[in-house]
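Report on the following structure.
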Amino acid sequence: MKIVIVGPGALGLLFYSLLRTGGNEVYLVDKDRQRAEFISCNGINFITVSGKVKRIKHVNITADPEDIPLPELIILTVKSYHTNSALKKIQPLLKENSYILSVQNGLSHVEVMPKYVAPDRILLGITNQGATRVDVNTVRHAGRGDTIIGTYLWDNFFRSHKFLRKLKTSFDKSGINTEIHRDIQSVIWSKLVINVGINALTAITGYKNGRLVENPALREIMHILVEEALAVVNLKKIKLLYPDPQKKVEEVCQQTAENISSMLQDILNNRRTEIDAINGAVIKEGRKLGLNLPYNLCVYKIVKGLEKNIGSRIFRL
Ligand code: PAF
């Protein structure tokens, strides 16, 4: 399959490496010309789950999307707050009615994508593949997890089913275990609730995911954050993919005990976080329904504060 991946962050590099190894024709688009040239000259170092380093020498990466042949599929892996600018940049690629799949965190992209892409071309998804960017062109595959995809429009599911099947076959062959789901809203919120519980708390404390369940005080806060999100889920009548969300969030902490969450990685690398798309988005949805989420608001504000003064902490995490 001819695929373009937008954004060579941790997930973008991981998907590129896996999909290339699976025999697809894959291209990367980067907004940063210098970085694109660096990766083009130096290739990608892909560290597999078992720790083997595979070098991908010739990487098709460019800062000029108009140079790329029109793909069947575009995958958005940029940070949620870059969705607008990324979609503007890839306008030349959107001409041919390619499908565009987002596997970004949170909710923000769901509002932004229809401004640039015909709604019947939008696919949404989540991925539990673990990716850690070690340096600009090195990515570590931190763990295999499922990827779930579906259509943005409920009534477009059956019309797009043939393509979804093709995509699944191609992803599965590349080691990205993929499921197709009709109720994508339920899929996205199921991941969001987990991120609401884990990400901000790890970013604030500097702990790996596993610590949150071992530490009674943090475990209690994690449960309250999830509880507040569930009030929104219930009012919106969203059916989550798992029956017991509190048990699920604890399981994810245990299964990813040694992970540095994506939000903590951002803080450690002095980058903006996805707090707006995660706790911020749930707070916003809650407000629309007349709900206040005080614990979520509190962690939201702390992470915002951390982002603002990131260089001036007197201790290093
Ligand atoms: O954002 C992340 O880091 C991941 O979604 C999760 C599940 C919290 C594991 O680290």
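Quick notes on this one:
- Just one of the numbered conditions (1) assigned to a helix (DSSP H, G or I); (2) within 16 Å of the ligand (Cβ to nearest atom); (3) closer than 28 Å to Val139 by Cα is not true of Ile260: (1).
- Selection count where residues are free of Cβ contacts under 8 Å to residues at least 24 places away in the same chain and among the acidic types (Asp, Glu), scope segment 138-173: 2
- When segment 19-38 is filtered for residues that are surrounded by fewer than 22 Cβ atoms within 10 Å (Cβ to Cβ) and hydrophobic (A, V, I, L, M, F, W, C), the ones remaining, listed by number, are Ala36, Phe38.
- Any hit, segment 59-80, residues being without any contact (Cβ under 8 Å) to a residue 60 or more places away in the chain, in a strand (DSSP E or B) and under 23 Å from Asp276 (Cβ atoms): no
- Subset tally (residues that are open to solvent by 50 Å² or more (accessible area, probe 1.4 Å) and either touching a Ser or Thr at 6+ places or on another chain (Cβ under 9 Å) or modelled with pLDDT of 95 or more (or both)) for segment 58-90: 11
- Test for Asn105: is it in a helix (DSSP H, G or I), open to solvent by 10 Å² or more (accessible area, probe 1.4 Å) and either touching an Asp or Glu at 6+ places or on another chain (Cβ under 9 Å) or more than 14 Å from the ligand (Cβ to nearest atom) (or both): no
- Filter pass, Leu293 being within 14 Å of the ligand (Cβ to nearest atom), touching a Gly at 6+ places or on another chain (Cβ under 8 Å) and either open to solvent by 10 Å² or more (accessible area, probe 1.4 Å) or under 18 Å from Gly106 (Cα atoms) (or both): no
- Filtering Asn296, Asn270 for residues that are part of a helix (DSSP H, G or I) and among the polar types (S, T, N, Q) leaves a single hit, Asn296.
- The lone exception for Val134 - which of (1) over 16 Å from the mean Cα position of the chain (by Cα); (2) within 16 Å of the ligand (Cβ to nearest atom); (3) open to solvent by less than 10 Å² (accessible area, probe 1.4 Å) it fails: (3)
- Segment 163-219 - residue that is of a type in the set (Ser, Thr, Tyr) and within 16 Å of the ligand (Cβ to nearest atom) and, of those, nearest to Leu19 (Cα to Cα): Ser190
- Taken together, the residues in segment 86-137 that are in contact (Cβ under 8 Å) with a residue 40 or more places away in the chain, farther than 12 Å from Val6 by Cβ and not hydrophobic (A, V, I, L, M, F, W, C) amount to 13.
- Segment 269-290, subset closer than 14 Å to Leu201 by Cα and among the aliphatic types (A, V, I, L, M), residue farthest from the ligand (Cβ to nearest atom): Ile275
- Subset tally (residues that are more than 23 Å from Glu111 (Cα to Cα), open to solvent by 60 Å² or more (accessible area, probe 1.4 Å) and of a type outside the set (Lys, Arg)) for segment 137-158: 1
- Filtered residue count, segment 212-229, keeping only those that are without any contact (Cβ under 8 Å) to a residue 40 or more places away in the chain and over 21 Å from the mean Cα position of the chain (by Cα): 9
- One residue alone among Leu235, Leu291 is at pLDDT 90 or above and touching a helix residue (DSSP H, G or I) at 6+ places or on another chain (Cβ under 6 Å), and that residue is Leu291.
- Condition check for Ile68 on (1) closer than 30 Å to Asp155 by Cβ; (2) hydrophobic (A, V, I, L, M, F, W, C); (3) touching a strand residue (DSSP E or B) at 6+ places or on another chain (Cβ under 7 Å): one failure, at (1).
- Any hit, segment 148-162, residues being within 15 Å of Leu14 (Cα to Cα) and either under 18 Å from the mean Cα position of the chain (by Cα) or modelled with pLDDT under 95 (or both): no
- For Glu251: the one exception among (1) without any contact (Cβ under 8 Å) to a residue 12 or more places away in the chain; (2) more than 16 Å from the ligand (Cβ to nearest atom); (3) part of a helix (DSSP H, G or I): (2)
The values are calculated or read from the model by the stated rules, or taken from the named source; none is laboratory data. These numbers were taken from a predicted model, which means no experiment stands behind them. Using ideal geometry, Cβ is built from the backbone for each residue, glycine included, and neighbour counts are taken over all protein chains shown. Please note that ligands, DNA and RNA were not included when accessible areas were found on the heavy atoms of the full protein model with its side chains. Shrake-Rupley method; radii C 1.70, N 1.55, O 1.52, S 1.80 Å.
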